[in-house]
Every structure is written in C-alpha cells, then in structure tokens.
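K.L.:
Let me begin by handing over the structure; questions about it come next.
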Amino acid sequence: MDTVIQQPQRNQRPGIEDFYMKFRYSYFEVIEKRLWLLGILIAIFVSFGGLAEIVPLFAAAHGVKAAEGVKPYTPLRLAGFETYVKSGCYTCHSQMIRHLGYETQRYGAASSAEESVFDRPMQWGSKRTGPDLARIGGKYSDIWQLEHLKNPRNLVPESNMPNYDWLIDMPINVANVQGAMRAHQKLGAPYTEEEIAKAPQALEGKSQMDALIAYLQGLGVDNVPVERRPQKESQL
C-alpha cells in the first residue's frame with residue numbers, strides 16, 4: 001500500500017504573501033513604465049550627488065584670503081587686467097604653474113589660490129599656445145615687453161602671437177576702471193573711496209599699452225607674499 005506524504009499546512013492566510021511581494025516591488029513597475037518620472041528622479045538624485053561635491057568646494061573657496069602684503073590691483077594694473085581679458089590673452093596663456101617638476105623648473109614656484117584672490121574672472125587657464133605668465137613679472141624690462149607686444153617676431157622670430165601695437169593709441173576709459181574698482185569692492189576687495197576717487201590721476205596720460213605692461217610686470221611679484229617676491233632685474 002502506497003504511503004501518501006502530506007505537505008505541512010502554512011500558518012498564513014492565502015494571498016497575503018503574494019500581496020506583500022506585489023506591493024513591495026510595485027513602485028519599480030510604476031517608475032519603469034513612466035519614462036518622464038524615471039528621468040525626473042534621475043535628475044534629482046544626480047543633482048544631490050553634484051551638490052554634495054560642489055558645495056564644500058564653494059565653501060572652501062570663500063575661505064581663501066589674500067596673502068600677507070598682497071593688495072588689490074592699482075588702477076593702472078586693473079586697467080591692464082581688463083585689457084588682458086578683453087584682448088583674449090587667456091586663450092593662449094595660462095597663469096597657473098602646476099606642482100610638477102618640469103613646470104616649476106621652467107616657470108618658478110607652483111601657483112596657489114591666494115595669488116588669484118583679486119582676479120575676477122580668474123586667469124588660471126589650461127591652454128598654452130604661449131608660455132605660462134604667472135611669474136612673468138620682472139623677468140624682462142618694460143622696453144622688452146613694449147617691443148614684444150608691438151611685434152612679437154622682432155624678438156621671437158618663431159612666435160605666432162598677433163601684434164598689439166594698436167594698444168599704444170588706445171586711451172584708458174577711466175569711468176570703466178572706477179566702475180570695476182567699485183564692483184571689486186562689493187566682492188570683497190579692500191578698495192577705499194579715496195583710492196577710487198584718485199583713479200583718474202593715476203591713469204592720466206596712460207594708454208592701454210602702458211596698463212597692460214604694468215599688469216604683466218606685476219604677475220608673480222605684486223600678487224605673492226613679500227618674502228617670496230623676486231628681485232626685479234632690468235633685462236633687454
């Protein structure tokens with residue numbers, strides 16, 4: 001006689017487990033069947049991930065202060081900075097020396113955030129058709145800089161840099177410089193009202209070429225701590 005083995009009875013009401021499993025994973029089905037909802041949720045979670053990375057960097061950036069002895073640009077150098085940006089010099093020259101041996105040997109000490117605290121916009125860059133300019137100040141004389149800007153091939157025959165001789169005849173817009181000083185003042189640069197008021201005197205008789213040369217001659221000199229400033233030498 002065959003023995004019939006009976007299965008044990010489950011102490012659970014029929015359908016409860018099936019209902020639980022269906023309810024537990026039902027929201028996956030809801031999301032997967034609605035692409036617009038899937039897209040929105042992806043965007044939300046990617047945004048949270050991005051904010052988690054970006055916000056701490058912004059907070060740290062606001063904590064960067066100018067090094068001891070570093071002051072905001074003089075009116076003439078600020079005018080030169082504006083000319084540098086307007087002329088697109090940043091498209092071929094960087095102002096950031098990386099912590100790599102071959103860069104520090106060629107250009108000098110590696111750059112730090114404190115050196116660019118008054119640059120708005122910053123000029124670090126990543127394109128080097130020409131050399132990095134972070135430490136160009138004092139490397140050449142004013143006369144050399146003038147001749148190089150007028151016609152770079154007179155001094156560097158293989159240069160593909162355009163001529164900027166037309167800057168000699170371009171006057172400085174004093175009102176724009178004063179406006180830039182006030183804008184920088186609102187962003188934290190310690191300009192005084194007296195300095196802004198005296199800007200026209202500092203710019204009297206100066207051209208955009210004079211301003212650009214003054215700006216270049218201060219890079220790596222006026223924007224670094226006093227103890228790190230190189231001795232200026234006149235070289236032709």
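K.L.:
Label-point separation (nm) for Ala110 and Phe28, each offset 7 Å from Cα along Cα-to-Cβ?
P.N.:
Placing both labels 7 Å beyond Cα along the Cβ direction yields 4.7 nm.
K.L.:
Once the Cα gyration tensor of segment 77-196 is found, what semi-axes does its equivalent ellipsoid get, as square roots of 5 times the eigenvalues, in whole Å, sorted largest first?
P.N.:
26, 21, 12
K.L.:
Mind giving me the nanometre distance, one decimal, between the label points for Leu155 and Arg120, set 7 Å out from Cα along Cα→Cβ?
P.N.:
Calculated label separation equals 3.2 nm.
K.L.:
Going by C-beta contacts inside 10 Å, put Val70, Val30, Val85 in order with the fewest on the left. Let's see the in-between values first.
P.N.:
Values: Val70 17, Val30 11, Val85 14.
Fewest-to-most ranking of Val70, Val30, Val85: Val30, Val85, Val70.
K.L.:
Going by how many other Cβ atoms sit within 10 Å of their own, how do Leu51, Leu78 line up, fewest first?
P.N.:
Lowest count first: Leu51, Leu78.
K.L.:
Report ³J(HN,Hα) in whole Hz for each residue of segment 30-40, in order, from the Karplus equation J = 6.51 cos²θ - 1.76 cosθ + 1.60 where θ = phi - 60°; Gly and Pro get x.
P.N.:
Karplus values, whole Hz, x for Gly and Pro: 4, 6, 5, 8, 10, 4, 5, 5, 4, x, 4.
K.L.:
Are any of the pairs Lys86/Lys127; Lys71/Lys139; Lys150/Lys206; Lys139/Lys186 more than 23 Å apart by Cα-Cα distance, and if so, which? Intermediate results must be reported in sequence, preceding the final value.
P.N.:
Numbers: Lys86/Lys127 17 Å; Lys71/Lys139 21 Å; Lys150/Lys206 16 Å; Lys139/Lys186 33 Å.
Lys139/Lys186, as the Cα separations exceed 23 Å there.
K.L.:
So, in nm, how far is label Ser141 from label Leu35 when the simple model puts each one 7 Å beyond its Cα toward the Cβ?
P.N.:
The answer from the label model is 7.0 nm.
K.L.:
What is the packing order of peptides 144-154, 188-198, taking the mean over residues of other C-beta atoms within 10 Å and listing the highest first?
P.N.:
The most tightly packed comes first, giving 144-154, 188-198.
No value in this document is a laboratory result; all are computed from the given coordinates. Just so it is clear, the model here is predicted, and its values are computed rather than measured. Heads up, the Cβs are rebuilt from the backbone with ideal geometry, glycines too, and the neighbour counts pull from every protein chain shown.
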